[in-house]
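Okay, structure first, notes after.
Quick note: the coordinates plus some simple rules give every number you see, no bench work behind them. For clarity, every value in this text was computed on a predicted model and none was experimentally measured. Cβ coordinates were reconstructed from backbone atoms using ideal geometry, including for glycine residues, and neighbour counts include every protein chain displayed.
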Protein chains: 2
Amino acid sequence: MSAMHKQAAGLTPVEEALARILADARQISGAEFRPLSECRNRVLASAVHSAIDVPPADNSSMDGYALRFEDYATGQRRFVLSQRVAAGAVGLPLEPGTAARIFTGAELPAGADAVVMQEEARAQDGAVEFGEGLRPGANVRPRGQDISVGSLAVEAGTRLSAGHLGLLASIGLPGVPVLPRLRVAILSTGNELVEPGQPLAPGQIYNSNRYMLSAMLEDLGMAVIDKGIVPDEPEGTRRLLAEAAESADVVLTTGGVSVGEEDHVKGAVEALGELQLWKLAIKPGKPLAYGRVAGKPFFGLPGNPSSVFVTFTVIARPYLQRMQGLTQDLRLQEVQAEAGFDWPKAGKRQEYLRGRLETHGDGAVVRLYPNQSSGVLASVAWGNCLVVLPVGKTVNAGEVVRVLLL
Amino acid sequence: MSAMHKQAAGLTPVEEALARILADARQISGAEFRPLSECRNRVLASAVHSAIDVPPADNSSMDGYALRFEDYATGQRRFVLSQRVAAGAVGLPLEPGTAARIFTGAELPAGADAVVMQEEARAQDGAVEFGEGLRPGANVRPRGQDISVGSLAVEAGTRLSAGHLGLLASIGLPGVPVLPRLRVAILSTGNELVEPGQPLAPGQIYNSNRYMLSAMLEDLGMAVIDKGIVPDEPEGTRRLLAEAAESADVVLTTGGVSVGEEDHVKGAVEALGELQLWKLAIKPGKPLAYGRVAGKPFFGLPGNPSSVFVTFTVIARPYLQRMQGLTQDLRLQEVQAEAGFDWPKAGKRQEYLRGRLETHGDGAVVRLYPNQSSGVLASVAWGNCLVVLPVGKTVNAGEVVRVLLL
């Protein structure tokens, strides 16, 4: 445990801590086949290649008239209508010199290779006339334009969005193999905590981290195992942590771990596994515990709600996403925006300010919640982004700053 | 119906269409009380004011020693420890001239108004000594810092995020009134459609819009009522639409409405209510139907998957969000980013290009999916944003463009 105590002596830069912790993350194993209707926000377990062309044949992208372009190229402008092809139907091979009435999405009859939009045609007495300007392949959506047979449709490790689900349906799959939902046990520490709905005695506060953390995990498609509030004695704490590790893939606690004197989690984790105490150059945050409990990864987040929010979002979230099998977009999307605030005081830790990004004329301006204290959860509720200020950074309004989108 | 036919003659700018359609959106009525654990992503039905101060009393933000600042101000630097206050416990009034051992989150004993961090104190033989530099109120989190009694905690019409749920828990609420989930009936039109998992006959394609649209609605916390594929005859279509309107708050169809000859939806909607056909200056997209079926709002989206995605996202989504009761953030967040592409051809409609925003050095660069055809659903699956190009706009790589974040 000497290495970690060296870490604890100084402050570790956020990126360094994240890289080291992430290097330790292992993807959960297993895969379960689920119908598409249950795959939203799940992570694809293995790459999906298409067994078909999409579209499966050349089809019309317009309501109009299909013809052989070679006829048009020789100067023919009037075509007898030899057939009618609706979407879902199959035409006969197109007789040379004739055109087919055709509708959006209908397959081109064999031989046809261009479509004239109905708005650009004059149909009368079973024939149709066109003007100039038709190009080969006009208004034809070629076979395999979207996806071709054998090509990669969706990569393994992709979180399935509406677009992916549409794409998987379009290649005919009723379901796909997804990774099991990561099971995350959460425990709250703090003798002062009371559950909402209960009366509040002097000295007590309501437990908010539990609700915030559960919702953040559910947003990531993970399964929350809520183990409640850690009891105020060593034996019970050890038993609860062991149970948590037994039932989950990873264990998160909020509060207490950095302290010691009033906390039994540190001792329990050390008894059941190993614990590294980090002091991160992060604000809000700083103390973070990382280790193993009965072989399962363990994160001890701080106790203040804004610190929980920031350390979870910046450190634990990418780790959990990797455990869940995600191979890209582990971290929040970063953009740049104009600062709608001044920040005159350079910090000694990298700061994550709770802000609100708003579209403004022809740019985006980010404003800050007035009170950035780590105890102020209202800042998190109000915000839609985090402004990242590196160590030593000051900001003048109008300057461009880094913004992480929530 | 003459007004709408005038609209159909030209192309209506996107912003104008959106403003007109949005002006017609009515919030659903009713409210249901739900425990916080079921309120993620739900919309708050009425404003919540706090019945308590958070924190409820001055407390310590550090492990350390609480004292009366007036003692320190008179030059006293050594204090006998007269008590010990753990988080959750209540101390006795602090005897003048003494200090209390105190822990993070513990309430200050009456009379104490500053805390010295333990790292800056030397404790020995039941007393503690401090150096210089303590300021009044140091390391004290004042009563009501996060929220004060009677203040607004969360506005009505807010979609409840993890931060909001934490905040609501912190003021002691076990649950809140939320608006009912908007019930959205979806129907697919197109004789060529087959459900995934079924064999594909010539002329047919798999139904993808149904899965994409369901997932997009679920992302918004809405309840999807999937009415399947519209039958190919007028009577059945009318019956299905009437059923959809009966069971839902709003009806969406994909495909067909702009066409007529092969489509029974238009006639059925007109028979059951009213229909406006819009030609929007939007690409992909353009044809959009909006109206009422048996008194319920009706949207007829295009059939091509990318067109469905864009018209849903740009037009229907804000409308549905307003119906769902959302009062802000109806639309996608817009940011600016550097174009990682050239777009030499000025369009006649406002284009929504499927792109991928990536953090890149000290900025964000947006790249485009190579094939922007409206039939290419792979572009939607691949992307994480839409690049908005106004009518007539061309782009050189490196230029700053408007980006809507998905």
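Couple of notes before you dig in:
- Radius 14 Å from Cβ of A:LEU160, net charge of other residues (Lys, Arg +1; Asp, Glu -1): -1
- Global geometry of the range A:226-290, whether rounded, prolate or oblate, following the gyration tensor of its Cα atoms and the 1.5 cut on a/c: prolate
- Long-range HN-HN contacts of B:ALA112 with modeled amide H, under 5 Å: B:LEU94
- For the protein assembly as shown, DSSP calls about 70 percent of its internal beta bridges antiparallel.
- Axis of helix B:234-247 versus longest Cα principal axis of chain B: the two differ by about 10°, to the nearest ten degrees.
- Column: log10 I(q)/I(0), Debye, Cα scatterers of the range B:258-358, q = 0.11, 0.12 Å⁻¹: -0.44, -0.51
- Pairwise alpha-carbon distances in the protein assembly as shown exceed 44 Å for 35% of all pairs.
- Under-5 Å amide H pairs with A:CYS385, H placed in peptide plane, nonlocal only: A:GLY355, A:LEU357, A:LEU406
- Table column - 3J(HN,Hα) (Hz), the range B:277-282, Karplus curve with 6.51, -1.76, 1.60, x for Gly and Pro: 9, 9, 10, 8, 7, 10
- 3J(HN,Hα) along the range B:191-203, derived from phi through the Karplus expression 6.51 cos²θ - 1.76 cosθ + 1.60 where θ = phi - 60°, amounts to 5, 7, 7, 10, 6, x, x, 8, x, 9, 7, x, x Hz, with x in place of Gly and Pro.
- For A:ARG84, the point set 7 Å out from Cα toward Cβ sits 9.3 nm from its twins in the other copies, listed from shortest up.
- Among beta bridges that DSSP assigns inside chain B, antiparallel share in %, nearest 5: 70
- Against the empirical curve 2.2 N^0.38 Å, the C-alpha radius of gyration of the range A:56-118 lands at a ratio of 0.97.
- Cut-off under 5 Å, modelled amide H: who pairs with B:GLY303 long-range: B:GLY255, B:GLY256
- For the range A:179-264: rounded, prolate or oblate by the Cα gyration tensor [a/c cutoff 1.5]: oblate
- A quarter of the convex hull surface defined by the alpha-carbon atoms of the range B:334-405 gives 4.4 nm² as the mean projection.
- In terms of its C-alpha gyration tensor, the range A:23-138 has a prolate overall shape, because the principal axis ratio a/c (a ≥ b ≥ c, square roots of the eigenvalues) is not below 1.5 and a/b outweighs b/c.
- Here the Karplus curve 6.51 cos²θ - 1.76 cosθ + 1.60, taken at θ = phi - 60°, turns the phi angles of the range A:300-308 into couplings of x, 7, x, x, 5, x, 5, 5, 4 Hz, with x standing for Gly and Pro.
- Per-residue ellipticity at 222 nm from helix content only, as computed over chain B with -39500 (n - 2.57) for each DSSP H run of at least four residues, stands at -5500 deg cm²/dmol.
- Chain B, closest residue to the rotation axis toward A, by beta-carbon, whole angstrom: B:VAL335, 2
- Debye equation applied to the C-alpha atoms of chain A, log10 I(q)/I(0) at 0.12 Å⁻¹: -0.96
- Neighbours of B:GLU195 by Cβ distance under 13 Å: Lys/Arg scored +1, Asp/Glu scored -1, total -1.
- Residue pairs, from the table A:LYS227/A:LYS345; A:LYS227/A:LYS286; A:LYS266/A:LYS348; A:LYS279/A:LYS393; A:LYS279/A:LYS345, whose Cα atoms sit over 31 Å apart: A:LYS227/A:LYS345
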